[in-house]
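Peer 1: I am attaching a structure below and will ask some questions about it afterwards.
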Amino acid sequence: MKKLGVNIDHIATLRNARGEGHPNILFAAKYAFKHGANSITIHLREDRRHIKDYDLKQIANTNIPLNLELAASKDMLKIALKNKPNYICIVPEKRKEITTEGGLDLRRNTHLIKKIVKTFKNKKIRTSLFIDPNLNSIKLSKVIGTDCVELHTGKLSTLIKKKLNYLNELNKIKKCASLGKSLGLEIHAGHGLDYKTTKILSKIKEIEEFNIGHFLIGESIFNGLGNTIKKFKKLIK
């Protein structure tokens, strides 16, 4: 059965707009999990623009499966090992970007990422690498020793939203999912996903998990968080 990870970063964005404590991030995590999320995803960025350290600490101290996105840095490694989330997804991070703009450059950072992945695996923490859908990145992910890869679906999502031809990009994702699965990697997908893109990708049997945040949280304003989660769960079933 395909799984849904709900990213609650932008609930924290709303909270931070007033510098107060509402909406409560721990409550949001519990509510999303209660209403069908298989895991909760948070990205502790180096500039702390949405999720804060205490959010991570609070959620990590519950029984909610927690997927922590973080940059490949020594500081983030220490924080992750201290809080011991269930899952780690290593992502690229630039201070000036609005959101994650692409996948990891595995070729340039092979040694560093391999070392970080080994450290997490020694602590029994499942690791994932956020990569662009290309075959070389899949092969390098296997060499690095990660458990999973999360395919960056941002380009596909943009093409679909603009009603442009997306078949070439979709074919890249299909080929990467097939190769990754044949190499023993668990295949995830995330970034920019809405109802239509998720429905299209759900037909790729190798994809086992979807991580969805911005659209899901935005849609919840109109339809409620629980209802929106249920709709996504139905789409990926």
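Here's the yes/no breakdown for (1) within 23 Å of residue 147 (Cα to Cα); (2) buried (at least 20 other Cβ atoms within 10 Å of the Cβ); (3) under 18 Å from the mean Cα position of the chain (by Cα):
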| residue | (1), (2), (3) |
| --- | --- |
| 13 | no, no, yes |
| 19 | no, no, no |
| 34 | no, no, no |
| 42 | yes, yes, yes |
| 48 | no, no, yes |
| 65 | yes, no, yes |
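Peer 1: Residues being at pLDDT below 95 and either among the polar types (S, T, N, Q) or in contact with a strand residue (DSSP E or B) (Cβ under 9 Å, 6 or more places away or on another chain) (or both): count how many of those fall in the stretch 4-48.
Peer 2: Within the stretch 4-48, residues that are at pLDDT below 95 and either among the polar types (S, T, N, Q) or in contact with a strand residue (DSSP E or B) (Cβ under 9 Å, 6 or more places away or on another chain) (or both) number 2.
Peer 1: Which of the residues belonging to the stretch 26-52 are assigned to a helix (DSSP H, G or I) and closer than 24 Å to residue 188 by Cα?
Peer 2: Scanning the stretch 26-52 gives 28, 29, 30, 31, 32, 33, 34.
The values are calculated or read from the model by the stated rules, or taken from the named source; none is laboratory data. Here the structure is a predicted model, which is why all the values come from computation and not from measurement. As a convention, Cβ positions derive from the backbone with ideal geometry for all residues, glycine included, and neighbour counts pool all protein chains shown.
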